[in-house]
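The values are calculated or read from the model by the stated rules, or taken from the named source; none is laboratory data. Predicted model, so just to flag it, every value in this text is computed and none were measured. Backbone-built Cβ (ideal geometry, glycine too); neighbour counts: all protein chains shown. The protein model used for the area step is the full one, side chains on, heavy atoms only, and it has no ligands, DNA or RNA in it. Shrake-Rupley method; radii C 1.70, N 1.55, O 1.52, S 1.80 Å.
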Amino acid sequence: MHRLSIDGRDYFLPDPVDELRGKILEAIKSGGGYVNIPPLRGGPGIDILFSPGMPVVWTQIEVGEPENEAETTHDASSPLDI
């Protein structure tokens, strides 16, 4: 899964993101333009105006299943180790 952070807001995106990256880069290179950010689960997405100098950060997040049940359960009577 990918996280796109734009001006302090996070958008989570499924693979692939290469085409979206290209559209954002092109909008910035051309002096600014709207790019549709697709939703993670259905829907129309959101149009965002990208412009030169706008802070945009891409992060790839590994999302997987826990290897064993001990990672998913916690005894509510004991404190969490932080």
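If you check every pair at least six apart or on different chains, which have Cβ atoms under 8 Å apart with a residue in the range 26-54 that is within 17 Å of PRO16 (Cβ to Cβ) first and a residue that is open to solvent by 50 Å² or more (accessible area, probe 1.4 Å) and among the aromatic types (Phe, Trp, Tyr) second?
Partner pairs satisfying both residue conditions: LEU40/PHE12.
Going through the range 39-62 one residue at a time, which ones are of a type in the set (S, T, N, Q), out of contact with any helix residue (DSSP H, G or I) (no Cβ under 8 Å at 6 or more places or on another chain) and open to solvent by less than 70 Å² (accessible area, probe 1.4 Å)?
Across the range 39-62, the qualifying residue is only THR59.
Within the range 1-33, which residues are surrounded by fewer than 12 Cβ atoms within 10 Å (Cβ to Cβ), outside any helix (DSSP H, G or I) and more than 10 Å from the chain's Cα centre (by Cα)?
Answer for the range 1-33, where residues must be surrounded by fewer than 12 Cβ atoms within 10 Å (Cβ to Cβ), outside any helix (DSSP H, G or I) and more than 10 Å from the chain's Cα centre (by Cα): ASP7, GLY8, ASP15, PRO16, SER30, GLY31.
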